[in-house]
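*Asks:* Just passing along the structure, written as structure tokens.
Any read-out appearing in this document is the output of simple, stated calculations on the displayed coordinates, not a laboratory observation. Note that the structure is a prediction, hence the values are computed from the model and not measured. Cβ placement follows ideal geometry from the backbone for every residue including glycine, while neighbour counts extend to all protein chains displayed.
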Amino acid sequence: MGSKPLDAASSIFTPGAAGSSTSWGDEMASPTVANPNQNPLDQAQVDGSAGENSSGLHDGSYDVEVKLSDLQADSANPLFSVQSFEELGINPEIMKALYAMNFRKPSKIQEKALPLLLANPPQNMIAQSQSGTGKTAAFVITILSRLDYTRPKQPQALVLAPARELARQIEDVVRLVGQFVQGLTIQAAVPGAVERNARVESMVIVGTPGTAMDLIKRRQLDGSALKVLCLDEADVMLDTQGLGDQCMRIKAMVPRVQQVLLFSATFPDAVMGFANQFCPNANEIKLRRDELTVSGITQMYMDCEGDEGKYDVLAALYGLLTVGSSIIFCKRKDTASGIADRLRKAGHEVLAVHSAFDGAERDEIVRKFRDGEGKVLITTNVLARGIDVSTVSMVINYDIPMKGRNDSEPDPETYLHRIGRTGRFGRVGVSISFVFDRSSYQALLQIAQHFGIDLVRLDKDDWEQTETTVKRVIRSSRAGTNLKA
Amino acid sequence: MSENSPTGDKTPPLPTSANAIIMAPIMVPYELRNAEAVHDQMLRDSKNYSDNLRKGAEQFLTNYLLEEQLKAIKLETEAAEEKAKLQEDIILEQKRIQDAEARVLNAQRELRESERKRREAEVKAREAEVKAREAENAVKRMPAVPPRVATPPPATSTTTSANTTQTPVAKSPAEAATSQPAQPPHNPFAQVKPPTTQSSVESAATPPASAPNPSAPAASSTPAPPQSALQHVPIPSQPSAGTANQPATSFSDMVDGPETQKYISVHLQLKMLRKQVKPKGKANTSPLKDVAMKQGADIRVALGQLSIGNKNANVFNKLRDIMKDSLTYQVNIGQGAQVPMIDPSPYVLRVPAPVTDGTAKNNGDQLPVLFIYLLSIFSKALIAQAAQEAALKSESAEPIAMAAHQIFSHPDLLWRGMSMIDILIAKLRKSCGALFGFRGAETKDTGRITLGWKKEDGMWVSESIHYDRMRGIGAFYAGLTLRRYKNRVNPYPPPHYWRAMAAILTCPQQERSNTSYYVLGALIKGYEGKFQEFYGDFARLALEAALIHYPMGAREKNVAVMTLLTLGDKAKTDGFIPQA
């Protein structure tokens, strides 16, 4: 399949057909662009750093030009791509924004999905890709490309996310990607953001299902011309009882939607049936379970002495590595507040957010974290998913994520989403999980087995050794590839 | 096997018993032929026979095996001997080759040395000429020079003009002048000269400003540098044919200059010092190492706590306290507790003379080891932090740069009134060569080393990590240089910003790299306003050169170039670049 040119019209992803789902692993680079004269692979051969990325020194007269191998040239890597954004045929105004946001090359999901997403007639899509690989940008580019800019007051696209922070963040991404697009209007539909009886008159609406549903029901939001409906973190949206119902209801109220999009880093098998029902005849892009983690995230764990000992270890970690921003996940609100107090005393600018805060407060806290006013964010699972703050270089699992009745089972999906808060788009990050007794160790072990990952153990009693280990592990995660002759 | 058996020493009984057995049925009386005893006897005999046979055979086998082994060993030793002989030959051969190579290298070195000397001589000659001319000019202007120009900075070098005219007044030693003079215009790379002029601006710019100070003669020299640089900037010099051969080294005086060489040596010296203070391994413990580790960790924690939009006073205080404590840290080495000291001169570009007014601290010729060590750790941590954060959020470069200034310009942390910032600059030079005029091909190992492309585990880090790192360091550099204080002297003033930008902009097209595009973008993004504050209209022209002309002249419009052009578009709409 690697040689077959694939453009939007001659999609090889037959909608709904059995063979329509693809996996990254067995896939070769498929030149997705319909440009027979210019094979991007050839360019990659000349300079693997990227066809468009070649450096200044091409004076081959005195030295042999070498092939550059890199993360984005490694076909097994989720950020691999053979193309540039330019080749994907994206509107120049959007391109400009991508440059301003310092996007360099499309990731695999973007390269794979965008031609399908932008194809006419619009087709549904269920897309899975690792955390931090640019899913949001992919659907935002799609939405901005589908809008009718002559009708700035008519809602045309609706994006739904499971939490208000996430909705706010997507709103920000829409604004950023659309910063050079003339006449774009955006609005958030999260609790408290829309006045009662005020009409929602923007082209793109980003919100949470509950609020969006109410707005449509009360006719504040006119859904008659909605063209695109997109669910981010779709698995949790469809799987969680309340959210799933709301999504179904919304879908029933907007019959003219031409394109339904489901995006997530995880799609447990149990959800897929429902997803196919919600998003029929969709192109699917899926991952194998062992491909789910991103190599840039170094995963370690530390055996702590009792629940109390965890704090000392936590405080010491900040002296061990260069930390940008960090997120600490814990189970209970009071633990969160407790750690926050102690870290503040140690001089950290700490922000704590959990469900006890009201919406506006939560928006403000996340904004501060995003803007770098606070460097440490302590939170419960509210923020495990989707939040994208590129400076996060460390994620701490103060408690191992659990699910089920009485938190009796380990929760691998949540673990994956948590550690996915770091290592965004090719950057490196560290995740450290704390275990302190048999049950927490067992839970972590099961999670590791679930994804087939190796966790590195750190020794709390020998900091010099731990320092060496951490440095070595980080080094190896940073190590790219060598220049090949 | 039986034919060979007689060789064994226990074989003699064997044939007899064999005979006995064969004879036995004949010798036994007929009536006894079925007697138990006879049968037993026969069985015993045959058993004996077979046992003996077996023993003999075993014996023979072991003998045989031993012999074989012996033979094998002999063969082996012979082979080994032969091999050793061969190896010896090879080694001898290699030695011969090496010797020859060494001789060639030596010859080359000598050649280079003599060439360098010749060049130095040339430079000196030109220097002398320039100085003479400058002196002439200065004499003409002399009456206008107000004596206060010399007074404010005891630390930084005085302007060349000031130096020549007021040698009796300015006490700064001749080195102050000699550190700059390599630059006077004398070759096609003259555009890079902004540094020269910069260093003259240096002292002028540290007091209030460059532009809004029109009357003084010093000020008249201020606008001049930008101009001369700008004229060349849009038209990158045509590199002489020779330069293409060794892009990394032949670039400019800046790279070959004594200052850069010294920075390289400072960096190496610091590396050695760190190894001495904190030797690797558990066995090597000492009170000094413990305290070094602890304080190093505290410095990293503190830098990680810097946040945007806050005053960060706590962090700065903490850092200052750590540094101040290191000045008095005592350890017992034999004769009671004392502060371990070291000569700081290998870690700075020039050695300041002791300050005479008696107020300066650290006025001796030695400084505490721990202090120098921690400054080195601090410098590393600053760059790591900038590389980590500032690419993703350029605003975060500001607090990091401020932290650097809090330490390197603090009056209590100077050496004879001079900032120790060279320690940081040496590390910066190593981490981001592009800022100092180094160029290299990203497609080659040597080029990557020159550019400061990091290796981890012997492998190059990925592009995105490298570019992010470069952008972070670039933004940090801008924050470091574009800064002015009311009551302190910026130890690394704005002219260095101009010099870095000029170093990139004067790069001929074929030697440009994506790294340089990204570094340039990072130097500018978010600092357009400050740049303009210091350089006025010249900043606007420089921005036009950097964001419009420079990327337009790129060989291909790749993402790095487009990013620069997009930044230019924005600068235009924001009014930082004159509208066409």
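*Asks:* Efficiency by 1/(1 + (r/R0)^6): what FRET value for A:D341 and B:D325, r their Cβ-Cβ distance, R0 = 25 Å, to the nearest 0.05? Mind dumping the intermediate values first?
*Replies:* Working: r = 27 Å, r/R0 = 1.08.
It comes out at approximately 0.40.
*Asks:* Continuing with the same structure: Put a dot 7 Å past each Cα toward the Cβ at B:T573 and B:D290; how far apart are the dots in nm?
*Replies:* With each label point 7 Å from Cα toward Cβ, the separation is 6.0 nm.
*Asks:* If you add up the charges near A:R168, with Lys and Arg at +1 and Asp and Glu at -1, over every other residue whose beta carbon is less than 11 angstrom from its beta carbon, what do you get? Provide the component values of the computation, followed by the final result.
*Replies:* On the way: positive: A:R164, A:R175, A:R362, A:R367, A:R370; negative: A:E165, A:E171, A:D172, A:D363, A:E364.
That works out to 0.
*Asks:* Shifting gears a bit: What percentage of all Cα-Cα pairs in the stretch A:272-326 are separated by more than 19 Å?
*Replies:* So the portion of pairs separated by more than 19 Å is 60 percent.
*Asks:* Moving on. Within 12 Å, Cβ to Cβ, of A:M272, how many net charges do the neighbouring residues add up to if Lys/Arg are +1 and Asp/Glu are -1?
*Replies:* Numbers: positive: A:K286; negative: A:D235, A:D239, A:D269, A:E284.
Local charge sum for A:M272: -3.
*Asks:* Additional query: Using the number of other C-beta atoms within 10 angstrom as an exposure proxy, rank A:R405, B:R44, A:R424, A:R367 with the fewest first. Numbers along the way, then the final one.
*Replies:* Numbers: A:R405 6, B:R44 12, A:R424 23, A:R367 16.
Ranked by crowding around the Cβ, least crowded first: A:R405, B:R44, A:R367, A:R424.
*Asks:* Give the aspartates and glutamates reachable from A:K345 as a straight Cα distance under 16 Å; neighbours fewer than 8 places away on the same chain don't count.
*Replies:* Within reach: A:D312, B:D298.
*Asks:* Here's something else I'd like to know. Which lysines have a Cα less than 17 Å from the Cα of B:K47, not counting those fewer than 8 places away in the same chain?
*Replies:* Once the sequence-local lysines are set aside, what remains near B:K47 is B:K10, B:K55.
*Asks:* Same structure again: How large is Rg over Rh for the stretch A:297-478, taking Rg from the Cα atoms and Rh as the Kirkwood inverse mean of 1/r across Cα pairs?
*Replies:* Working: Rg = 15.3 Å, Rh = 16.4 Å.
Rounded to two decimals, Rg over Rh is 0.93.
*Asks:* Now for a different question. Please order A:H450, B:H466 by the number of other Cβ within 10 Å, starting at the fewest.
*Replies:* With the sparsest Cβ surroundings first, the list reads A:H450, B:H466.
*Asks:* Quick check on my link table: of B:K131/B:K427; A:K460/B:K444; B:K85/B:K444; B:K530/B:K557; A:K286/B:K570, which ones sit more than 30 Å apart, alpha carbon to alpha carbon?
*Replies:* With Cα atoms farther than 30 Å apart: B:K131/B:K427; A:K460/B:K444; B:K85/B:K444; A:K286/B:K570.
*Asks:* If I take R0 = 41 Å and measure r between the Cβ atoms of B:A57 and B:D89 in this structure, what FRET efficiency does the formula 1/(1 + (r/R0)^6) give, to the nearest 0.05?
*Replies:* Efficiency for this residue pair is about 0.30.
*Asks:* Please compute the length gained on full extension between A:N281 and A:K153, using 0.36 nm multiplied by the number of residues separating them and subtracting their Cα-Cα distance. Write out the running numbers ahead of the final one.
*Replies:* Numbers: separation 128, 0.36 × 128 = 46.08 nm, distance 3.07 nm.
Here the segment from A:N281 to A:K153 would lengthen by 43.0 nm.
*Asks:* Over the stretch A:297-478, what is the relative contact order in whole percent, taking alpha-carbon pairs under 8 Å and six or more residues apart? Don't jump to the answer; show the numbers that get you there.
*Replies:* Working: 302 pairs, mean separation 59.4, N = 182.
Answer for the stretch A:297-478 is 33 percent.
*Asks:* Which percent, to the nearest 5, of DSSP beta bridges fully inside the stretch A:297-478 are antiparallel?
*Replies:* Just about 5 percent of them are antiparallel.
*Asks:* Now for a separate question. Averaged over its residues, how many other protein chain Cβ atoms are within 10 Å of peptide B:274-284's Cβ atoms?
*Replies:* Counting other chains' Cβ atoms within 10 Å and averaging over B:274-284 gives 1.
*Asks:* Can you sort A:D269, B:D537 so the residue with the fewest Cβ neighbours within 10 Å comes first? Kindly include the intermediate steps, with their values, before the conclusion.
*Replies:* Working: A:D269 7, B:D537 12.
Arranged by neighbour count, lowest to highest, A:D269, B:D537 become A:D269, B:D537.
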